[in-house]
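Derivation of every value follows stated rules applied to the coordinates shown; laboratory data play no part. Just so we're clear, the structure is a prediction, and the values are computed from it rather than from any experiment. Neighbour counts are summed over all protein chains in view; Cβ atoms, including those assigned to glycine, are modelled from backbone coordinates with ideal geometry.
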Amino acid sequence: MLKGRDLITKQHVAIRRDPDWSVLSGILAVGTVTVTDTCPTACTDGTNVIYGSTFMERTLTTDAQRRYVVIHEAMHRLSMHMWMWRKLFDEDPRLANIAADYYVNGVIEDTDKGRGFVERPPVGIVPEDRFRGLSVGQIFKLLQAEQQSESKPDEQQGQGQGQGEPMDAHEWGQEPATESEQAQREQQMQQIQRALETGKMQQRRVRAAMGEGTSTASVADLFIPPVDWRKVLEEFVTEMCAGKDESTWARPSRRYIADGIYMPSLMSTHIDEVVIGLDTSGSCWGTDTMRAFVSHLAYLIERVAPRKTHVIYWDRRIAGHQVFEDGQFAVQNLKVSGGGGTRGDVLFDYLRDKRIQPAAIVQFTDGDVGQWGHTDVPTVWAITGRARAPFGTTIHIEE
């Protein structure tokens, strides 16, 4: 019988060859894998994974059970649960672990559809239909409400009914307090995004070899947290443009983390300039989704009335630039130009060249941008595709 690291490697190879789970190939290569007799089950810190040797070799009796656990840890890393849901851990670490495992195990079993590539281990959370389609934050809130309604005075430590126990541990670490630590987390997001793209390429190869078609739709697409884009956009624009006393991304606003969104903490001076970047490439401009986005954004700009609103049209170059004063941003007055290819970095280069220093940037694009560019200005990306920007806040626009 295989033992230790060889046992894990065997599961990695099987996952990379599977038409459904090969999308995790890149994620499996992120970080380090350790097998030790000091870990009772399994554990991840969001990058690295530790497996207990006794757990993997003896408690789990089939390779299908071991694949379940390996995929479980990979999906925690893919969705960045270790810091995306930090607020929940601060409130109740045990319940946060349970909520995350309900979500992950539900996705695993829904994806397997009973074909037997994975098998539920003898320990851990058993998925429930009532949580299907909910985010970790939504599951946490439901469990918390049940716990509060069901518990008695001597049962205040999270003994809700029907919750079970997580099969793994989650190393949550410390809340980022410096710009350097936040930059490391942004780097992790970029690493996960690259790993996901690698996995999608591997999945296309596997499916093509099996004659199943090359669609990239997969389980990985489920791990973009579902949010109401209008709500996030409204709160971003309102807070950034109304001004508080100073805005910093060094410590993300805890208000949004439970919804899977990282936003800046507000400490800000009065803000009077905002930039709206509109991707006018042929695949993006003129769609119903874009019209809905621009209409809602016009409503928000009118409400907060920044002194200047720069509307900049871009494709592979800057195609146009309009300036609206005192919140007079009207959809009918937009003078759209462009329609070529796409380069996501041109707007940021243009702002630096023109020495425009806005307090916030809102970018609308389909996410097929080539180079994303960079900026220190708080930025929200409104994306119609499934891409995730490597910096700033990503919201996915769907109608």
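With the convex hull drawn over the C-alpha atoms of the range 1-94, the volume per residue is 99 Å³.
Applying 1/(1 + (r/R0)^6) with r as the Cβ-Cβ distance of Asp90 and Thr62 and R0 = 45 angstrom yields a FRET efficiency of 0.75. Taken along the Cα-to-beta-carbon direction at a fixed 7 Å, the label points for Glu212 and Lys113 span 0.9 nm. Close amide-amide hydrogen proximity is noted between His321 and Tyr313, each under 5 Å apart and 5 or more residues distant or on a separate chain (H modeled in the peptide plane; Pro and chain starts excluded). Using the Cβ-Cβ distance between Val123 and Thr289 with R0 set to 45 Å, the FRET efficiency works out to roughly 0.55. Note that the range 86-103 has calculated 3J(HN,Hα) couplings of 4, 4, 5, 5, 4, 6, 7, x, 5, 5, 5, 4, 5, 4, 4, 6, 4, 5 Hz, one per residue in order, obtained from phi through the Karplus relation 6.51 cos²θ - 1.76 cosθ + 1.60 (θ = phi - 60°); glycine and proline are x.
The slack between Asp376 and Arg194, meaning 0.36 nm per residue of separation minus the straight C-alpha distance, is 63.3 nm. Close amide H partners of Thr47, meaning residues 5 or more places away or on another chain with modelled amide H under 5 Å apart, do not exist here. Please compare each pair in Lys113/Lys231; Lys3/Lys87; Lys231/Lys308; Lys141/Lys308; Lys141/Lys231; Lys141/Lys200 to a cut-off of 29 Å on the Cα-Cα distance and tell me which ones are over it. Flagged as over cut-off: Lys113/Lys231; Lys3/Lys87; Lys141/Lys308; Lys141/Lys200. Segment Thr38..Ser149, full-extension length gain: 36.2 nm, with 0.36 nm per residue of separation and the alpha-carbon distance subtracted. If you place +1 on the Cβ of every Lys and Arg, -1 on the Cβ of every Asp and Glu, and leave all else neutral, what size is the dipole of the range 21-94 about its Cα centre, to the nearest 20 Debye? Its charge dipole is roughly 140 debye.
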